[in-house]
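One structure is given below, represented as structure tokens, and several questions about it will come after.
Nothing in this text is a laboratory measurement; each read-out follows from the coordinates by a stated rule. It should be emphasised that the depicted structure is a prediction, and the values quoted were computed from it without experimental measurement. Reconstructed Cβ throughout: ideal geometry from the backbone, glycine too, with neighbour counts over all protein chains shown.
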Amino acid sequence: MIRSSRISSITGLVVLLAASFALADALPRSSPESQGVSSQEILSFVQSADQNIHAIHSFMLVRHGKVVAEGWWKPESAEKPHILNSLSKSFTSTAIGFAQAEGKLDIDDPVLKFFPDDAPANPSENLKAMRIRDLLTMTCGQEREVKLAKDQDWVKSFLAHPVPFQPGTHFLYNSPGVYMLSAIIQKVTGQTMVEYLRPRLFEPLGIENPNWATSPQGINTGGWGLFIRTGDIAKFGQLYLQHGMWNGKQLLPASWVTLATTEETFSRPSGFKYGTSPIKPDSDWFQGYGFLFWRCRHGAYRGDGANGQYCIVLPEQDAVLAITADTRDMQAEINVVWDKLLSAFHDKALPENSDEDANLKKALANLEVHPAGQRASAKAAQ
């Protein structure tokens, strides 16, 4: 008979080992000042986001590879997966990068090469000219997105849609086009996007249980529908900041990181709006588009999704910022980053400031999503 004390010891060991594995998968933590970041200015960012944006759900700030601040607005939590919306697209870009590196495809391959049985009877010249590269840069040549219905084959619906422009010449934000990239991955690998990325990206980064929506044909949606945690978004950004390197191993080719995050198209469609913010020359939607990554002001780039899901990579500051939210005004959300957080970064470590560090920790421990009316009143009072 096993004694209860022995059972307790074994249980404690299992818990300790589980905690150790969890820590191994996590980014290391550090005080802000030791990494050259001001606690006071991080607090200013948190307060401004809390008071002015409805509604921030979480953020994680990484500097020099270490998490220096993180917070969740209750009822959100560190372990709760969050919908990424179009931030999912940057993960699809990454899958294409892996597949090209493995020789499974080339980004200049024509799209019809992978779907000979799904093409219309008489494909147009523009459709025949459409390449993987054009799907990655939102320049596939379509004038408007095809509407995908549950009772249709999504690949056939996309290929049957008119292509009035020469591919590579006309920018149109096109989520069904990103679905086609997921379908191509499944064609060349025999695996869904989640299955293909699991050993190459999710497991090495410690991203547990990624959940990605699928089409009626069982293909991951690619352009939307991925659920992961805030910390997972931050690790994904850190992988790109490190040019594809993770724990001393080159997971993703550095050349792909450069290609994916460099301006490829001049993304300034006439009349394009996000929420209530009209597009202006100083907008973060006017800085160009890479391979399913947006360019930003201040030398940064990002993956982003509707309602305020951000993975912002700041190479000049050696930093990554992950944000989840539920807001209509995405430009206002990113403006808070530039207005309140950008000045927090310094070239060298700062003197430790126990008072400001304590104020920041107290604020982060008491975050809570406010009802819209309450937040509006607080903003008016300010």
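Would you list which lysines come within 26 Å of Lys156, measuring only between C-alpha atoms, while excluding same-chain residues fewer than 8 positions from it?
Lys89, Lys104, Lys113, Lys128, Lys147, Lys187
Under 20 Å Cα to Cα from Lys348, which lysines show up? Leave out anything in the same chain fewer than 8 places away.
Lys66, Lys340
If the cut-off is a Cα-Cα distance under 16 Å, which aspartates and glutamates reach Lys74, setting aside same-chain residues fewer than 8 apart in sequence?
Asp50, Asp326, Glu368
Over the C-alpha atoms of the chain, what are the Rg and the largest Cα-to-Cα span, Dmax, in Å?
Rg then Dmax for the chain, in Å: 22.2, 78.
With a Förster radius of 35 Å, plug the Cβ-Cβ distance of Gln166 and Val188 into 1/(1 + (r/R0)^6) and report the FRET value to the nearest 0.05.
According to the calculation, E is roughly 0.85.
Which value in deg cm²/dmol, rounded to the nearest 500, describes the helix-derived mean residue ellipticity at 222 nm for the chain, given -39,500 (n - 2.57) per DSSP H run of n ≥ 4 and division by the residue count?
One gets -10500 deg cm²/dmol as the mean residue ellipticity at 222 nm.
Helix 175-189 versus the longest principal axis of the chain: what angle, 0 to 90°, nearest 10, using Cα atoms?
Taking Cα atoms only, the helix is inclined about 80 degrees.
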